[in-house]
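The values are calculated or read from the model by the stated rules, or taken from the named source; none is laboratory data. Keep in mind the model is a prediction, meaning the values are calculated, not measured. Virtual Cβ from ideal backbone geometry, glycine too; neighbours counted across all protein chains shown.
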Amino acid sequence: MPRPAPTVGDLGELRLIQRLRRVLPARDRAVLSGLGEDVAVLRPKPGRVLLVTTDLLLEGIHFDFRFLSWGALGKKAMAANLSDLAAMGGEPRFALIALAVPGKTPVAAIDQLYRGMRAWADPFRVDLVGGDTSRSECGVFLALTLLGEGKADRVVCRAGASPGDALYVTGTLGDSAAGLELLQRGKARGRTSAATRYLIRRHKDPTPRVREGQTLGRQGLASAMIDVSDGLLQDLGHLCEESRVAAEVMRDQVPLSPALRGGAGGLLMHSPWWYALGGGEDYEILFAVPAAKEAALLRLIRSGRLRAARIGVFRRGRPRVTVRDARGWMVEDLPTGFDHFQES
């Protein structure tokens, strides 16, 4: 009779940490002491500033295991934090993970979770250096903290946009929200088209635009940046608030993937613009470019070194976002984007 697979409760906290230490060896000489300690001891490079970001993921609020595996959860959690750092032009270095799971959770699931995190951590040479674990009585709780570095004069914040700056975004928008809708409505079962597979993949496995953010910061092209995690309009609103400017978005210039533009063969409930303006978790970078630097940015785009599209402009005025269609008419009934405290 085969032995049952061990659970986290069988293993205990000490043995779990010992297991993770074998899975996550430190490779950076800046890690003086890491996993297994209550405090990680790190030595940042001289002449650099320290950047810190954290994301909290709760089962039933931020993710659903009906649609996401343990490995995909780990990968997506790391991608979300890398995206935050990318939107400042930073270089990711270290990560700490706080994890609470039910005692009956299979140990193999925890292995998959950490392998998922390493799938994005390894390409950017991020060391997982510590954190904490606990038992949970109500689902899975995952908090990931990412530390990075950047040159003080090349870190890009949300507060730098000025009236007259152009508004650009990397990649395409709306794919992740459309993919989630297909999963929630069961439209991904049975035979799926290339379009539905693409949208679902964009939801489950987003790409953090770390190199794009570093390029914009290193070359001093962006005056303000933010990643699109809660939706274009929601996140642009945050950028406007911090910069104390208004923004005008030309809806028909917002980049859409062919899969979204085609409505996934008629399976989607809304127009492509609804997902592109209000859908979250695309993890593209939204950024402001001063007029004097736009020519340099366009050369970068034409050379193929950066994929980005101009979608609007910043104006003088109270912080707000206006959307206009191809005729210049104001678009009403806009999606609101994701609000963490809004009841579902």
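Checked against the criterion of being of a type in the set (D, E, K, R) and either part of a strand (DSSP E or B) or in the same structural domain as R201 (by TED's automatic domain parsing) (or both), the candidates E149, E137 yield just one match: E149. Only residues that are part of a helix (DSSP H, G or I) and among the basic types (K, R): list them for the range 159-207, please. Once the filter is applied, which keeps residues that are part of a helix (DSSP H, G or I) and among the basic types (K, R), the range 159-207 yields R197, R201, R202, K204. Hey, any hits in the range 226-240 for a residue that's farther than 22 Å from R209 by Cα and surrounded by 14 or more Cβ atoms within 10 Å (Cβ to Cβ)? Looking for residues that are farther than 22 Å from R209 by Cα and surrounded by 14 or more Cβ atoms within 10 Å (Cβ to Cβ), one finds none in the range 226-240, hence no.
Among the residues of the range 258-280, is any surrounded by fewer than 16 Cβ atoms within 10 Å (Cβ to Cβ), over 23 Å from A222 (Cβ atoms) and touching a Phe, Trp or Tyr at 6+ places or on another chain (Cβ under 9 Å)? So far as the range 258-280 goes, yes, one or more of its residues are surrounded by fewer than 16 Cβ atoms within 10 Å (Cβ to Cβ), over 23 Å from A222 (Cβ atoms) and touching a Phe, Trp or Tyr at 6+ places or on another chain (Cβ under 9 Å). I want to confirm something. Restricting to the range 150-167 and keeping residues that are of a type outside the set (A, V, I, L, M, F, W, C) and surrounded by fewer than 16 Cβ atoms within 10 Å (Cβ to Cβ), which single residue is nearest to L51 (Cα to Cα)? Among residues in the range 150-167 that are of a type outside the set (A, V, I, L, M, F, W, C) and surrounded by fewer than 16 Cβ atoms within 10 Å (Cβ to Cβ), the one nearest to L51 (Cα to Cα) is K151. Residues that are of a type in the set (V, I, T) and farther than 22 Å from G60 by Cβ within the range 175-229 comprise T192, T196, T207, V210, T215, I226, V228, listed in sequence order. Taking the criterion of being over 23 Å from G217 (Cβ atoms), surrounded by fewer than 24 Cβ atoms within 10 Å (Cβ to Cβ) and not assigned by TED's automatic domain parsing to the domain that holds L239, would at least one residue in the range 78-87 satisfy it? So far as the range 78-87 goes, no, none of its residues is over 23 Å from G217 (Cβ atoms), surrounded by fewer than 24 Cβ atoms within 10 Å (Cβ to Cβ) and not assigned by TED's automatic domain parsing to the domain that holds L239. Scanning for something loosely packed, with under 12 Cβ neighbours inside 10 Å and closer than 30 Å to G60 by Cα, does the range 326-338 turn up at least one residue? Yes: one or more hits.
So in the range 55-76, with the set limited to residues that are acidic (D, E) and part of a strand (DSSP E or B), which one is modelled with the lowest pLDDT? Step by step, filter the range 55-76, then rank; the result is D55. Scanning the range 59-71 for residues that are over 17 Å from L128 (Cα atoms) and either crowded, with 16+ Cβ neighbours inside 10 Å or assigned by TED's automatic domain parsing to the domain that holds T170 (or both) yields E59, H62, F63, F67, L68, W70.
Look through A143, A166 and report the one residue that is over 18 Å from R66 (Cβ atoms) and within 15 Å of the chain's Cα centre (by Cα).
On the way: A166 fails: within 15 Å of the chain's Cα centre (by Cα).
Matching residue, one of A143, A166: A143.
Could you say which residue among D84, D111 is of a type in the set (D, E) and farther than 22 Å from P206 by Cβ?
Details: D84 fails: farther than 22 Å from P206 by Cβ.
None of the other options fit; the residue is D111.
Scanning the range 135-176 for residues that are among the hydrophobic types (A, V, I, L, M, F, W, C) and farther than 29 Å from L298 by Cβ returns C138, V140, F141, L142, A143, L144, L146, L147.
Within the range 171-189, is there a residue that is at pLDDT below 90, touching a helix residue (DSSP H, G or I) at 6+ places or on another chain (Cβ under 6 Å), surrounded by fewer than 24 Cβ atoms within 10 Å (Cβ to Cβ) and assigned by TED's automatic domain parsing to the domain that holds R211? Yes, some residue in the range 171-189 is at pLDDT below 90, touching a helix residue (DSSP H, G or I) at 6+ places or on another chain (Cβ under 6 Å), surrounded by fewer than 24 Cβ atoms within 10 Å (Cβ to Cβ) and assigned by TED's automatic domain parsing to the domain that holds R211.
Here V156, V52 are screened, and the one residue that is part of a loop (DSSP other than H, G, I, E, B) and over 13 Å from the mean Cα position of the chain (by Cα) is V156.
Please find, within the range 135-149, the residue that is surrounded by the most Cβ atoms within 10 Å (Cβ to Cβ) out of those that are small (G, A, S) and at negative phi. First the steps, then the outcome.
If we filter the range 135-149 for residues that are small (G, A, S), which is where we start, we get 136, 139, 143, 148.
Filter once more, so that each one left must be at negative phi: 136, 143, 148.
Details: S136: 16, A143: 17, G148: 28.
This residue is G148.
Only residues that are in contact with a Leu (Cβ under 8 Å, 6 or more places away or on another chain) and surrounded by 21 or more Cβ atoms within 10 Å (Cβ to Cβ): list them for the range 101-113, please. Break it down into steps so the answer makes sense when it comes.
As a first pass, look at the range 101-113 and keep what is in contact with a Leu (Cβ under 8 Å, 6 or more places away or on another chain): 107, 110, 113.
Once the filter is applied, which keeps residues that are in contact with a Leu (Cβ under 8 Å, 6 or more places away or on another chain) and surrounded by 21 or more Cβ atoms within 10 Å (Cβ to Cβ), the range 101-113 yields I110, L113.
Scan the strands (runs of 3 or more DSSP E) fully inside the range 212-303 and keep the ones with 1 or more residues being more than 30 Å from K151 (Cβ to Cβ) and not assigned by TED's automatic domain parsing to the domain that holds N81. It would help to see each step written out before you state the result.
On the way: elements: 224-227, 246-250, 285-289.
Ranges flagged: 246-250.
Of all residues in the range 118-134, exactly one satisfies the criterion of being buried (at least 23 other Cβ atoms within 10 Å of the Cβ) and in a loop (DSSP other than H, G, I, E, B), namely V126.
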